[in-house]
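> Here's a structure for you.
The values are calculated or read from the model by the stated rules, or taken from the named source; none is laboratory data. Predicted, not measured: the structure shown is a model, and the values here were computed from it. Using ideal geometry, Cβ is built from the backbone for each residue, glycine included, and neighbour counts are taken over all protein chains shown. SASA here: full protein model, heavy atoms, side chains in, ligands and nucleic acids out. Shrake-Rupley method; radii C 1.70, N 1.55, O 1.52, S 1.80 Å.
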Amino acid sequence: MTQPKLRVSRKITALKELQGHIWRTGFECNELKSVVFEDVAEALEKWHSSGIKVYIYSSGSRLAQRLLFGNTNYGDLRKYLSGFFDTTIGNKKESKSYKEITETLGVDDPSEILFVTDVYQEATAAKAAGLEAVISIRPGNASLPENHEFKTVTSFSKI
């Protein structure tokens, strides 16, 4: 009897850090290039020029995030970003993580932070922490529950 293979996505911080180190080699050798949607690059530039601070919160390590945004099909986008958060701050599906980010940023009113995600559970956790949350609809995303209460966008130009 054969055992079925299970595909499990794990968000283990140590593994994500290792991933960042492996990616660094690939990016340094020009064997890797990260691909971002055109509207993302345009929105980051627009928000930056308007004085809006943008932070990234990802299950990927901060090193991996810097590599990804530093080596995109639209060039180095890190100049438009104010900082990076990873799972060392907490699990993305837990509201206490968003409360910690709010405190780290020195924001008194969490509703002043807009969190954009493509994961319903992350939006729910951010909202529970008092943040505004928007769900980005992209090809390949998981479907959303019916009658969810979140605003959705198909392009960052709509934010």
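> Since R138 meets every condition but one in (1) at pLDDT below 95; (2) more than 28 Å from H48 (Cβ to Cβ), which condition does it not meet?
Only one criterion in (1) at pLDDT below 95; (2) more than 28 Å from H48 (Cβ to Cβ) is unmet by R138, namely (2).
> Output the residue which, of all residues in region 21-43 that are more than 19 Å from the chain's Cα centre (by Cα) and open to solvent by 100 Å² or more (accessible area, probe 1.4 Å), is modelled with the lowest pLDDT.
That would be I22.
> Against the conditions (1) modelled with pLDDT of 95 or more; (2) in contact with a helix residue (DSSP H, G or I) (Cβ under 7 Å, 6 or more places away or on another chain), where does G106 fall short? Just the number, please.
Among (1) modelled with pLDDT of 95 or more; (2) in contact with a helix residue (DSSP H, G or I) (Cβ under 7 Å, 6 or more places away or on another chain), G106 violates only (2).
> Test A126 against the criterion of being assigned to a helix (DSSP H, G or I), open to solvent by less than 80 Å² (accessible area, probe 1.4 Å), touching a Phe, Trp or Tyr at 6+ places or on another chain (Cβ under 8 Å) and farther than 21 Å from Q19 by Cα, and give yes or no.
Details: assigned to a helix (DSSP H, G or I): yes; open to solvent by less than 80 Å² (accessible area, probe 1.4 Å): yes; touching a Phe, Trp or Tyr at 6+ places or on another chain (Cβ under 8 Å): yes; farther than 21 Å from Q19 by Cα: yes.
Against the criterion (assigned to a helix (DSSP H, G or I), open to solvent by less than 80 Å² (accessible area, probe 1.4 Å), touching a Phe, Trp or Tyr at 6+ places or on another chain (Cβ under 8 Å) and farther than 21 Å from Q19 by Cα), A126 qualifies.
> Name the single residue that is modelled with the lowest pLDDT among those in region 143-159 being closer than 11 Å to D118 by Cα and open to solvent by 80 Å² or more (accessible area, probe 1.4 Å).
Checking each candidate, the answer is S143.
> For region 77-93, state whether one or more residues are of a type outside the set (A, V, I, L, M, F, W, C), more than 24 Å from R66 (Cα to Cα) and without any contact (Cβ under 8 Å) to a residue 40 or more places away in the chain. Let's see the steps before the verdict.
To start, the set of residues in region 77-93 that are of a type outside the set (A, V, I, L, M, F, W, C) comprises 78-80, 82-83, 86-88, 90-93.
Retained after the next criterion (residues that are more than 24 Å from R66 (Cα to Cα)): none.
No, because not a single residue in region 77-93 is of a type outside the set (A, V, I, L, M, F, W, C), more than 24 Å from R66 (Cα to Cα) and without any contact (Cβ under 8 Å) to a residue 40 or more places away in the chain.
> Given the criterion open to solvent by less than 80 Å² (accessible area, probe 1.4 Å) and of a type outside the set (S, T, Y), identify the matching residue among P110, P139. Steps first, answer last, please.
On the way: P139 fails: open to solvent by less than 80 Å² (accessible area, probe 1.4 Å).
Unique residue meeting the criteria: P110.
> Could you list, in sequence order, all residues of region 94-121 that are in a helix (DSSP H, G or I) and over 21 Å from S82 (Cα atoms)?
If we filter region 94-121 for residues that are in a helix (DSSP H, G or I), which is where we start, we get 95-105, 110-112, 120-121.
Result: S95, K96, Y120, Q121.
> Please work out if K99 is over 19 Å from S155 (Cα atoms), in contact with a strand residue (DSSP E or B) (Cβ under 7 Å, 6 or more places away or on another chain) and open to solvent by 50 Å² or more (accessible area, probe 1.4 Å). It would help to see each step written out before you state the result.
Numbers: over 19 Å from S155 (Cα atoms): yes; in contact with a strand residue (DSSP E or B) (Cβ under 7 Å, 6 or more places away or on another chain): no; open to solvent by 50 Å² or more (accessible area, probe 1.4 Å): yes.
The answer is no for K99.
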